[in-house]
Amino acid sequence: MSDAPALRAPTGTHDVLGPESARWEGLIATFAQFAYRYGFSLVLTPMFEDVGVFNRGIGEHSDVATKEMYVFEDRGGRRYALRPEGTASVVRAFVQHQPVTPWKAWYVTPAFRYERPQAGRYRQHHQLGVEALGTDDPALDVEVITLAWRFFQALGLRRVRLVINSMGHEECRGRFVAALSAHLAANASRLCDEHREGWRLNPLRLLDCKRDECVAVTAEGPQLPDYLCDDCRAHFARVTEGLAALGVPSTRDPRLVRGFDYYTRTTFEFVADALDGAQNAIGGGGRYDGLAEQLGGPAMSGIGFASGVERLLLALTAEGETTPLVRRTLDVFVVDTTGHDVATTMLDDLRGAGLAADRAYDGRSMKAQMRVADRSGARLAVLVGPREEVSGQVTIRDLRSEEVAPQHVVARHDLVATLTRLLTK
Ligand code: HAM
């Protein structure tokens, strides 16, 4: 062993290895299937962007942009940021490529935020999400929210609540922010330590502050629903009616404004009651009808949501759902003691027939190979030694049977058919 200290993954990040990674695969595959069913196609965008994409997109005064973004200069002196979320990049790609609308895209991506790491809060987390651009039809809001809701149900989550609100379009939002600012200015001395001075930078953030002082001041102040124009009110009503018609239960939270500046009209969050308060949002999203324009594109409505993979898995575990949605265990383990590597061709046949099969290496003893076979989790072992090689037969052993070494001897040319039959039993 070398004397060099072992290097570890950075604070707030984690490695995911098997068998836990099978839960990730299952989650991503299920989401991909849902996205496909709802008409979304996969979009891939770079993990880093010009820092302006995020500063203009999520707002340069948002907490994420000011305190959490990983910003760096590359060797050519350009200022980039690691993506803290998916929406701004996807909308940047939309503006750049101008695909036919409505454009519906889904993604799975790491996201980077310099947060104080704790359970459910990481410096690199992973998001599954969708974005749809090209219409402000409330039917699309209903569709996006329903996709998320049905996805959570398909995963087996039962204790999830949907909270929803409308921030109004730019004008309603602007009038509300002006009224809120006036109220905060008059009551600034009563705000919490962090916000007494800092509230001006982003007054909407005060609605997110959980400290008693800020909650009390904002509760007495102007309320968002009172500032919605008739159109925004009607839009929101159609969204909530549409959800109700599909049996998707939602509760209105007039304080739900979410952390990014791009949101307009519908905003929503999915809360997992099985998780601790501060990290119980398993997904969130909303409309961003001004974002494409903000990034230099045409005026174009859009809506989307994203869900944290780690939080979804934590919520599933907390609800007792730990079985991966895909099976990632081996079918067969080949134990080859012939001394001249029969396993290679045998495995090629088995894998070619669609079986998940593996082996031991380095010409180890029968006993050593059987130990690896037992550890591998495979259902069946195929044993081939010098005697079997001569007779053209192999031995199949059931590795999970309670009986002592129940086994079948079959002709080599019947192997695939016999294994397939035994595996479907
Ligand atoms: P967000 O609410 O910031 O929204 O993040 C989406 C989800 O990612 C959260 O609900 C949570 O499950 C997970 N998440 C966020 N930060 C962390 C973290 N530090 N550690 C672990 N999980 C985390 C967005 O990012 C928007 N782009 C969503 C959206 C899409 N809006 C419209 N379209």
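Points to keep in mind about this one:
- Qualifying residue in segment 137-144 (condition: more than 11 Å from the ligand (Cβ to nearest atom) and part of a strand (DSSP E or B)): no
- One residue stands out among those in segment 34-84 that are out of contact with any strand residue (DSSP E or B) (no Cβ under 8 Å at 6 or more places or on another chain) and among the hydrophobic types (A, V, I, L, M, F, W, C): the one that is surrounded by the most Cβ atoms within 10 Å (Cβ to Cβ), which is 58.
- Screening segment 166-280 for helices (runs of 4 or more DSSP H) wholly inside it with 1 or more residues that are open to solvent by less than 30 Å² (accessible area, probe 1.4 Å) and among the hydrophobic types (A, V, I, L, M, F, W, C) returns the ranges 170-187, 212-220, 230-245.
- Complete set of residues in segment 59-106 that are modelled with pLDDT under 95 and either over 19 Å from the mean Cα position of the chain (by Cα) or not in a helix (DSSP H, G or I) (or both): 59, 60, 61, 62, 63, 65, 66, 67
- Residues of segment 327-337 that turn out to be surrounded by 14 or more Cβ atoms within 10 Å (Cβ to Cβ) and at pLDDT below 95, as a count: 1
- Whether a residue is closer than 16 Å to residue 85 by Cα and more than 7 Å from the ligand (Cβ to nearest atom) was assessed, and residue 291 passes this test.
- Extreme residue, nearest to residue 125 (Cα to Cα), among residues of segment 1-31 that are open to solvent by less than 40 Å² (accessible area, probe 1.4 Å) and of a type in the set (A, V, I, L, M): 27
- Of all the listed residues (368, 357), the sole one being in the same structural domain as residue 414 (by TED's automatic domain parsing), within 22 Å of residue 409 (Cβ to Cβ) and open to solvent by less than 70 Å² (accessible area, probe 1.4 Å) is 357.
- Counting the residues of segment 299-326 that are of a type outside the set (A, V, I, L, M), in contact (Cβ under 8 Å) with a residue 24 or more places away in the chain and away from the ligand (no atom under 14 Å from the Cβ) gives 4.
- Residue in segment 85-107 that is nearest to the ligand (Cβ to nearest atom), counting only those that are surrounded by 20 or more Cβ atoms within 10 Å (Cβ to Cβ) and β-branched (Val, Ile, Thr): 87
The values are calculated or read from the model by the stated rules, or taken from the named source; none is laboratory data. Quantities reported herein were computed from a predicted structural model and do not represent experimental measurements. Here Cβ is always computed from backbone atoms with ideal geometry, including for glycine, and neighbour counts include all displayed protein chains. Side chains are part of the model used for accessible areas, which takes the heavy atoms of the whole protein and leaves out ligands, DNA and RNA. Shrake-Rupley method; radii C 1.70, N 1.55, O 1.52, S 1.80 Å.
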